[in-house]
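This report refers to the structure that appears directly beneath it.
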Amino acid sequence: MKIEEFKDKHKGKRCFVIGTGPSLTKKDIDRIREEITISMSGIIFAKEMWNFEPTYLISVDFGNFADPLFWKGYKESNSIPIISKWINLKSIHFNYKFTQEQVDYLKKAIKVNFINKELWGPRLSGPDDISLDLSKGIYQCGTGIQDLCIPLASWLGCNPIYLLGCDCNDKGHYYEYKTDHTDNGVVDQRVKTQYKYFAERIPNLYNLNLSEESCPGVKKITWKKLQ
């Protein structure tokens, strides 16, 4: 299947974009088990912890395949896989050769082009560095929520869209697994600014996170008001 076939697939239905910040809890997950959900990378640990898998599992980083624990989670996932073609070029840059099992996974995944002119271009920061038209592609910076999760929710026609576990702080993740990933949860100002641009383009985008610093510019909402 191609990404064009997913245009407005869930038009008018609400969805939850799930980050892997430390605020994410089993109680949150229990509330959305029957909902349309989109997440990435470390959410694969929620399968063992809480018996949860998102509707859509995205990847924008070949590190999800190079890291044994992450790759195990991806290959055993029952979620719909959607990936950026950036993964292939980045693997070439690092001279990483996919196994046949990984090649088969990449073949079945729905692929999205990236618009960046260069593999290692300048850090994206402006409103013109965000694309909601997945038929053209996405701007790639290596932050999965902004790069693909939120654009995918918009492409699917979801309305409203709720952000959960997107903490925007340096306090790590909801899981405590020791992995080869060096990411410690640090989020720079560029990423925070991107939330503001998404909020300007997606009217019904809401922030369900508890931390004050999360998702600047995105309207906050509580579970009580959502229900």
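Read-outs throughout are calculated quantities, based only on the coordinates presented, and are distinct from any laboratory measurement. Model, not experiment: these values are computed from the prediction. Cβ: placed from backbone, ideal geometry, glycine included. Neighbour counts: every protein chain shown.
Is there a pair in K26/K108; K111/K219; K13/K219 whose C-alpha atoms are over 21 Å apart, and which pairs would that be? Exceeds cut-off: K26/K108; K111/K219. For the stretch 3-226, the calculated P(r) over all alpha carbon pairs, in 5 Å bins from 0 to the bin holding the longest distance, is 1, 7, 15, 20, 22, 19, 11, 4, 1, 0 percent.
Checked against a 19 Å cut-off, the cross-linked pairs K72/K171; K47/K72; K7/K196; K75/K107 give Cα-Cα distances beyond that limit for K72/K171; K7/K196. Peptide packing for 135-148, 69-82 was compared via the average number of neighbouring C-beta atoms within 10 Å per residue; ordered from the highest value, the list is 135-148, 69-82. Among T222, T20, sorting on how many other beta-carbon atoms sit within 10 Å of each Cβ, with the fewest leading, yields T222, T20. Estimated from helical segments only, the mean residue ellipticity of the chain at 222 nm is -7000 deg cm²/dmol, where each DSSP H run of four or more residues counts as -39500 (n - 2.57). Absence of a disulfide-compatible partner, taken as no other cysteine beta carbon within less than 4.7 angstrom, is noted in the chain for C141, C149, C166, C168, C215.
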